[in-house]
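Visitor: A single structure is presented below for examination.
The values are calculated or read from the model by the stated rules, or taken from the named source; none is laboratory data. Everything numeric here is computed off the predicted structure, so don't read it as measured data. All Cβ positions, glycine included, derive from the backbone under ideal geometry; neighbour counts span all protein chains shown.
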Amino acid sequence: MLGPAPVPAPPHAGSRNAVTGHDGPPTVGQMSGAVLDREQLGHLRHWDNLSRQWPNDWSLMQGKGTSQDDFGGYRFQLAYMVYGLALTHRHRLPAAPGLFRPTMQRLIEKLLLPEVWLYWRDVSRGGAVFNAHLVDQLHEEWDPVVRDNIMYSAYVQSCALLHDHLFAEDRYAAPGALTFRHWSFFWGGGEKRFSYDRDSLTEHLYWQMVENGYLGVACEPNCVFQICNQPAILGFRLHDLIHGGSRADEVIAGYEKAWADFGRLDENGHYAMMVLEDSRAVRPNEAPSPWVDAWCGALMTMWNRDFVHRHYPCQVAAFLVPGDVSGDDGTLSVRSAPTREVMGQTLVTDTCDTGWVSAWASEMGDRDTLDRLLAHVDRRMNPTWRDGGLYYPRNDTPTDAHGRRTDIEPMTGNVLLGYARLNVPDGLWGLYQRPWGPEHHTEPALVEVDRDVEVSRAEVVDGVLHARLRRETAVPGEGRVVLGRLPEGARVRLDGVEVAAPGGVVDVPGGPAVDLVAAP
Amino acid sequence: MSAPPIRATYALVDHHGSAVTEATYRGSWQLVQFGFTHCRVVCPRALAKLDEALDLLGDGSPVVALYVTVDPERDTPEVMRAFLAADHPRFTGLTGSAAQTRDAAAAFRVFARRGADPDEIRHTAITYLLDPDGRPAHHWPDTADAATIAADLAGYVLA
């Protein structure tokens, strides 16, 4: 593949594999006293900042596509921020539920806003090249989860279940907890309201899977993508963890049989992109497009790790190019497929290729590739700090004067690069295969964290809570954390000095980070 | 597990040639499996498993076992009767016209589609249980074993 990287590796917390094979024991979930680095904390802060924007303020999140149709839509940005938070909580800051829970709730609230799902009213009618022949059978559908549209419904399902699984709650099990509603003063008559909850939505998706022979549920009418059915499988797994049962295993077994007719990979070794429901024709990953392999691989690995790892090296090699055309400067960028012409039109879409390949490399434990991709974006894609958060602002300019890739979409710059930095090798696999048991929720933890408190370490070692905390002056807040589930008589120390913590409340001092220890 | 969200209605012909609907078996629990007699793998395994589950449940249980074809062209009442009498005598076969069997499959949200091999039909292998009023009560995925099904059945029909 590519030579060694002369650029210094950016600091990463936690242990990482540089290999992609998996003969040894899993490495996820190891606690080592590691702390998050500045960039990782910046991504978390940016996600929190975005979650706090006013309803329908989508600043920094607007991509090239119109009407939320495409792969850079708000739904994907919101969902993968939730996934990224879940991975960070599971693998890096397990004793900080108070840091993640409110942010995930705000993001899920945004995921339910009509601006996110109203595209379905139009997309449900068909008329695209892959379903134009079906328009007589289709109709305008307002309910965004009732048929097809797994590219939205599965994210609502899996995000709600992730929240309830990670925090041992039933927040989204309440009737109507996942309600899609729309009303306009200006048009459309009465309110449109479609009420679901995490369990009724899961039940609905499951039976759609059954009806379709487990091949999967369509995104746009007639289009069953491999990628977009993976989040539903994650949702079934989380449902099984909460309720018992084996729906995920059942769906996977059926999925494997159904796709055996078509092959998960196309004849060139890339993931088959989709199957057309009516003709059973397979669309390969022609060109090929990096996002198809990367997105599919980064998700499918949760239940099919060996397969995904086995094919990763050859697949990813097709997409990577040295970052500097004048010579190998150690950086890597991602080569997108040529822009397609369809129905005489140039396709305008956010491919998010850079972001998806980074997220994929992260999940595969390919540290060398990931570091070199991150080196490229840090040099050429304008890393920007705002309100203590790190992001890479949208840039539609394809390359710089030297031909080096510069274009970047909001999905990549807001979300996926952070996801890649915060994930650990086999992180999603670990979330799926090595879930927390009930004992986790009895351990001491930071159960509330004010907005202006930065948490770079939060773990329990031998019953002792360890955290590293810092006041962030770029955002408002009271500078407090609340410790919960402490053992009787626990004593709290900040940098070795015992402090009072009435009701578990600890005031975090300004200045450099402090180490908190709460021990019996 | 909640009751499956299915209509569970049908208007078919049993393997004796009599017209039947879900109301025909009112008063009994209906154990319903879809398939086809030429099925090489899924149906033989599923029927054998259900035979075992019913054996574990014991004689005299108020359960009617029904095998509904997704291949009405080949599965005439005579074919179904001969097939079931040979190896699965507890079961009653149900068939009908293409439209009738298609409607029945849709009412149970069963997937059935002919594969590249014309002899092969891919189909849902879920087993359904309807209560004595013909309402959906439970379902088991193909992965459920005989002991599980028998234990669940006992909880319903012997309660």
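Visitor: Within the set of pairs 6+ apart or on separate chains, which have a first residue in region B:1-25 that is within 14 Å of chain A (Cβ to nearest Cβ), a second that is among the polar types (S, T, N, Q), and C-beta atoms under 9 Å apart?
Guide: B:Ala8/B:Gln30
Visitor: Do we find that A:Glu211 is surrounded by fewer than 19 Cβ atoms within 10 Å (Cβ to Cβ) and not assigned by TED's automatic domain parsing to the domain that holds A:Thr351 in this structure?
Guide: So A:Glu211 fits the description; yes.
Quick grid of which residues meet (1) touching a Gly at 6+ places or on another chain (Cβ under 8 Å); (2) within 16 Å of A:Tyr392 (Cα to Cα); (3) free of Cβ contacts under 8 Å to residues at least 60 places away in the same chain:
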{"site": "A:Leu41", "(1), (2), (3)": "no, yes, no"}
{"site": "A:Leu44", "(1), (2), (3)": "yes, yes, no"}
{"site": "A:Trp47", "(1), (2), (3)": "yes, yes, no"}
{"site": "A:Pro55", "(1), (2), (3)": "no, no, yes"}
{"site": "A:Ser59", "(1), (2), (3)": "no, yes, yes"}
{"site": "A:Ser67", "(1), (2), (3)": "no, no, yes"}
{"site": "A:Gly72", "(1), (2), (3)": "yes, yes, no"}
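Visitor: Please go through (1) among the polar types (S, T, N, Q); (2) surrounded by 15 or more Cβ atoms within 10 Å (Cβ to Cβ); (3) within 14 Å of chain B (Cβ to nearest Cβ) for A:Gln230 and return the number of the only condition it doesn't satisfy.
Guide: (3)
Visitor: Would you be able to tell me the number of residues in region A:387-446 that are within 25 Å of A:Leu60 (Cβ to Cβ) and touching a Phe, Trp or Tyr at 6+ places or on another chain (Cβ under 8 Å)?
Guide: 11
Visitor: Hey, A:Thr331 hits all of (1) farther than 30 Å from A:Pro435 by Cα; (2) in contact with a Leu (Cβ under 9 Å, 6 or more places away or on another chain); (3) surrounded by fewer than 19 Cβ atoms within 10 Å (Cβ to Cβ) but one; which does it fall short on?
Guide: Condition not satisfied by A:Thr331: (3).
Visitor: Identify, by number, the condition in (1) closer than 18 Å to A:Pro97 by Cβ; (2) of a type outside the set (Asp, Glu); (3) modelled with pLDDT under 95 that A:Leu486 doesn't meet.
Guide: Unmet for A:Leu486, out of (1) closer than 18 Å to A:Pro97 by Cβ; (2) of a type outside the set (Asp, Glu); (3) modelled with pLDDT under 95: (3).
Visitor: Moving on to the next point. Take the residues of region B:94-105 that are of a type in the set (Gly, Ala, Ser) and touching a residue at least 60 places away in the same chain (Cβ under 8 Å): which is nearest to the other protein chains (Cβ to nearest Cβ)?
Guide: For region B:94-105, the residue satisfying everything is B:Ala105.
Visitor: If you don't mind, there's one more thing I want to ask. When the residues of region B:68-100 are filtered to those that are under 23 Å from A:Ser279 (Cβ atoms) and under 16 Å from the mean Cα position of the chain (by Cα), which remaining residue is surrounded by the fewest Cβ atoms within 10 Å (Cβ to Cβ)?
Guide: Among those that are under 23 Å from A:Ser279 (Cβ atoms) and under 16 Å from the mean Cα position of the chain (by Cα), it is B:Asp71.
Visitor: Filtering region B:1-60 down to residues that are out of contact with any helix residue (DSSP H, G or I) (no Cβ under 6 Å at 6 or more places or on another chain) and of a type in the set (Phe, Trp, Tyr), which residue is surrounded by the fewest Cβ atoms within 10 Å (Cβ to Cβ)?
Guide: Of everything passing the filter in region B:1-60, B:Tyr25 is surrounded by the fewest Cβ atoms within 10 Å (Cβ to Cβ).
Visitor: Just to check your reading of the model, which residue among A:Ala168, A:Ala154 is outside any helix (DSSP H, G or I), under 23 Å from the mean Cα position of the chain (by Cα) and in the same structural domain as A:Asn229 (by TED's automatic domain parsing)?
Guide: Answer to the selection: A:Ala168.
Visitor: Report, by residue number, each residue of region B:92-114 that is out of contact with any Lys or Arg (no Cβ under 6 Å at 6 or more places or on another chain) and in a helix (DSSP H, G or I).
Guide: Hits for region B:92-114 are B:Ala98, B:Ala99, B:Gln100, B:Thr101, B:Arg102, B:Asp103, B:Ala104, B:Ala105, B:Ala106.
Visitor: Here's a follow-up. Kindly indicate the residue of region B:118-150 that is out of contact with any strand residue (DSSP E or B) (no Cβ under 9 Å at 6 or more places or on another chain) and more than 10 Å from chain A (Cβ to nearest Cβ) and also modelled with the lowest pLDDT among those meeting that condition.
Guide: B:Pro118
Visitor: Please specify each residue of region A:167-209 satisfying the condition of being free of Cβ contacts under 8 Å to residues at least 40 places away in the same chain and within 12 Å of another protein chain (Cβ to nearest Cβ).
Guide: Once the filter is applied, which keeps residues that are free of Cβ contacts under 8 Å to residues at least 40 places away in the same chain and within 12 Å of another protein chain (Cβ to nearest Cβ), region A:167-209 yields A:Ser200, A:Glu203, A:Trp207.
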